[in-house]
Amino acid sequence: MSIRTREGDTIKCEVHLRPFARECLTQVSSMFHVGVFTASSKEYADAIIDQVIDPAGTLLKFRLYREHCFQTADGIYMKDLRVITSHGLHEVLLVDNSVHSFGLQLTNGIPIVPYFDDPADQELVHLSSYVLSLAGQADLRTKNASTF
């Protein structure tokens, strides 16, 4: 795939979609408001979302990027979920392979192991099951905090 940078350069890259990504997003987005919150640049994230993850534009309701993150003095990007103003924190969860990312709201975080192109990877099957089990909870953080 090709990604156009802010500077106008075109970068060619290969993207490996994690197994069950679309199935997970389809299931979860049928019951929850799903979006992307990434520490990547807008150009990079949008290209991958538009060309690989959600080309039809039906699964993801919002997108937040690096500019929405808080960068620590050590260069770590943290995702402050309070920037999501359409929902209260009791309704928001963040799935990330870096616990630092949700360090500002630990009870909202769902840790997931990094993906390294393993075709047998089942993480998103387990994630779907877990997230769907939260449907109807008044405060998603309660069960999430006791689980993680």
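The values are calculated or read from the model by the stated rules, or taken from the named source; none is laboratory data. This structure is a prediction, so every number in the text was calculated from the model and none was measured. Here Cβ is always computed from backbone atoms with ideal geometry, including for glycine, and neighbour counts include all displayed protein chains. Just so you know, the surface numbers come from the protein's heavy atoms only, side chains and all, with ligands and any DNA or RNA stripped out. Shrake-Rupley method; radii C 1.70, N 1.55, O 1.52, S 1.80 Å.
Leaving ligands and nucleic acids out of the surface, order V99, V92, V125 by accessible area at 1.4 Å, largest first.
V99, V125, V92
How long are the three semi-axes of the equivalent ellipsoid for segment 33-148, computed from the Cα gyration tensor as the root of 5 times each eigenvalue, in whole Å, largest first?
Over the Cα atoms of segment 33-148, the semi-axes work out to 21, 19, 16 Å.
On average, how much accessible surface per residue is there in segment 51-130, in Å², for a 1.4 Å probe, leaving out ligands, DNA and RNA?
Result: 58 Å² of accessible area for each residue.
Assign one of three labels to segment 17-91, namely rounded, prolate or oblate, based on the Cα gyration tensor with a ≥ b ≥ c the square roots of its eigenvalues; rounded applies when a/c is under 1.5, prolate when it is not and a/b is larger than b/c, and oblate otherwise.
Details: a/c = 2.14, a/b = 1.34, b/c = 1.61.
Judged from the Cα gyration tensor, segment 17-91 comes out oblate (a/c at least 1.5, b/c at or above a/b).
Place a +1 charge on the Cβ of each Lys and Arg in the chain and a -1 charge on the Cβ of each Asp and Glu, then give the dipole magnitude about the Cα centre in debye, rounded to the nearest 20.
Once rounded to the nearest 20, the dipole reads 380 debye.
Less than 13 Å Cβ to Cβ from K79, Lys/Arg counted +1 and Asp/Glu -1: what total charge do the surrounding residues give?
Computed value for this residue: 0.
Okay, helix-only estimate at 222 nm for the chain: each DSSP H run of n ≥ 4 adds -39500 (n - 2.57), divide by all residues, round to 500 deg cm²/dmol; what do you get?
-6500 deg cm²/dmol
Could you look at segment 17-105 and say what percent of its accessible area is carbon and sulfur, using a 1.4 Å probe and all protein chains?
C and S atoms contribute 54 percent here.
List every residue whose amide H lies under 5 Å from the amide H of G109, counting only residues 5 or more places away in sequence or on a different chain, with H placed 1.01 Å from N in the peptide plane.
L94
Using only protein heavy atoms and a 1.4 Å probe, report how much of S2 is accessible, in Å² to the nearest 10.
Its heavy atoms expose roughly 40 Å² to the probe.
Determine, for the chain, the count of lysine pairs separated by eight or more sequence positions (or lying on different chains) whose alpha-carbon distance falls under 21 Å.
For the chain, the number of qualifying lysine pairs is 5.
At most 11 other C-beta atoms within 10 Å and a DSSP loop state: those are the exposed GluC sites (Glu not before Pro) I care about. Give me the longest piece of the chain that has none.
Numbers: sites that count: E7, E14.
Longest stretch, sites excluded: 15-148.
By DSSP, what percent of the beta bridges with both residues in the chain are antiparallel, rounded to the nearest 5?
Antiparallel bridges: around 45 percent, rounded to the nearest 5.
Between beta-carbons, use under 14 Å as the cut-off and find the net charge around P55, counting Lys and Arg +1, Asp and Glu -1.
-2
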